[in-house]
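S.K.: Take a look at the following structure, please.
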Amino acid sequence: NSIIEPLGRIVQAAEKVRGGDLSARVAVKRDWGEMSDLGSAFNRMTRQLRTQREDLVREHDISEQQRQFSEAVLSGVTAGVIGLTQDGRITLMNASAEKLTGFTAQHVLGHPVDVVFPEFTSAFNIAREDIGGRADYQVNLDTPQGLRNFDLRISAYEGARTDTGWVITFDDMTRLVTAQRHSAWREVARRIAHEIKNPL
C-alpha cells in the first residue's frame, strides 16, 4: 500500500498533465518515504512545465503583435518592399510591391529573386559585395502596366539568429523620369528652333 497508493496518485496526475492540465499536483504524504521524493519531484516538474508554457504563450503573443504591426506598416507604405533570405529567396512581398510589379506574393514566395526579377540581380550582387551590405540602383521593369522605372535600394539586416537577410525597397519613378525626359526634349527643341531662327 505504501507503494501502490503514491504511484496511483502520480499516475492520475500524469494523465491529467497528458491531457493538458499542467496545474495537476500530487498530494504528497509524509509517511510515503522515498515515494514522497518522487511525488515532490513530479510537482516541481509540472510547476516548471506550466511556467515554461506561460512564458511561451506570452512570447508568442508578443511576436504575433509585432508581426501584425509590421504587416500594418508594410501595407500602409506606398513603396514596394520585398524580403529575401540570405541566399536571395523571396520571403515577403507587400501590397505595394504586388501592385507595382504585377506579381502576387503567393506566386513568388520561396523563389529566387534573380529568377522572378532578373532586373534586380545586378543590384543584389552589388549589395552582397558591398562592405555595408547596401546598394542603390535604377532599374527598368516590364510590368502589365508597361515599362516602369524603379529607384531601387537593397539593404542587409541581421535577424534574431545569426543568418542575414535582405530587404529590397523601391519607388516608381516612371512619371518623374518621363517628366525629366519631356523637359529635356523641350529644351532641345527650343535650342534647335533658336538655331534655325538665327540664320532666318
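S.K.: For residues that are small (G, A, S), under 30 Å from L56 (Cα atoms) and in a helix (DSSP H, G or I), scanning just segment 1-35, find the one that is farthest from the chain's Cα centre (by Cα).
M.R.: A13
S.K.: Moving to a separate point now. What are the residue pairs meeting all of these: first residue in segment 1-30, first residue under 15 Å from F42 (Cα atoms) and touching a residue at least 24 places away in the same chain (Cβ under 8 Å), second residue part of a helix (DSSP H, G or I) and open to solvent by 60 Å² or more (accessible area, probe 1.4 Å), Cβ atoms under 8 Å, and 6 or more apart or on different chains?
M.R.: Pairs found: P6/L38; I10/L38; V17/L49; L22/L49; L22/R50; L22/R53; S23/R50.
One line per residue, one yes/no per condition, for (1) exposed (fewer than 13 other Cβ atoms within 10 Å of the Cβ); (2) in contact with a helix residue (DSSP H, G or I) (Cβ under 9 Å, 6 or more places away or on another chain); (3) within 19 Å of D172 (Cβ to Cβ); (4) at pLDDT 90 or above:
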residue: D87; (1), (2), (3), (4): yes, no, no, no
residue: T91; (1), (2), (3), (4): no, no, no, no
residue: N94; (1), (2), (3), (4): no, yes, yes, no
residue: F103; (1), (2), (3), (4): no, yes, yes, no
residue: P112; (1), (2), (3), (4): no, no, no, yes
residue: A123; (1), (2), (3), (4): no, no, yes, no
residue: E129; (1), (2), (3), (4): yes, no, no, no
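S.K.: Please give the number of the condition A72 fails out of (1) at pLDDT 80 or above; (2) among the aliphatic types (A, V, I, L, M); (3) within 30 Å of L147 (Cα to Cα).
M.R.: (1)
S.K.: Here is a further query. Kindly list the number of the only condition in (1) open to solvent by 70 Å² or more (accessible area, probe 1.4 Å); (2) within 30 Å of F124 (Cβ to Cβ) that fails for E98.
M.R.: Every listed condition holds for E98 apart from (1).
S.K.: For segment 36-50: of the residues being open to solvent by less than 70 Å² (accessible area, probe 1.4 Å) and polar (S, T, N, Q), which is nearest to the chain's Cα centre (by Cα)?
M.R.: Result: T46.
S.K.: Would you mind stating whether V177 is modelled with pLDDT under 70, under 17 Å from L100 (Cα atoms), more than 26 Å from the chain's Cα centre (by Cα) and not in a strand (DSSP E or B)?
M.R.: For V177, the condition - modelled with pLDDT under 70, under 17 Å from L100 (Cα atoms), more than 26 Å from the chain's Cα centre (by Cα) and not in a strand (DSSP E or B) - is met.
The values are calculated or read from the model by the stated rules, or taken from the named source; none is laboratory data. In this text the structure is predicted, and so the values were computed from the model without any measurement. No Cβ is skipped: glycine too gets one built from the backbone with ideal geometry, and neighbour counts run over all protein chains shown. Each accessible area value is taken on the protein alone, full model and side chains, heavy atoms only, with ligands, DNA and RNA left out. Shrake-Rupley method; radii C 1.70, N 1.55, O 1.52, S 1.80 Å.
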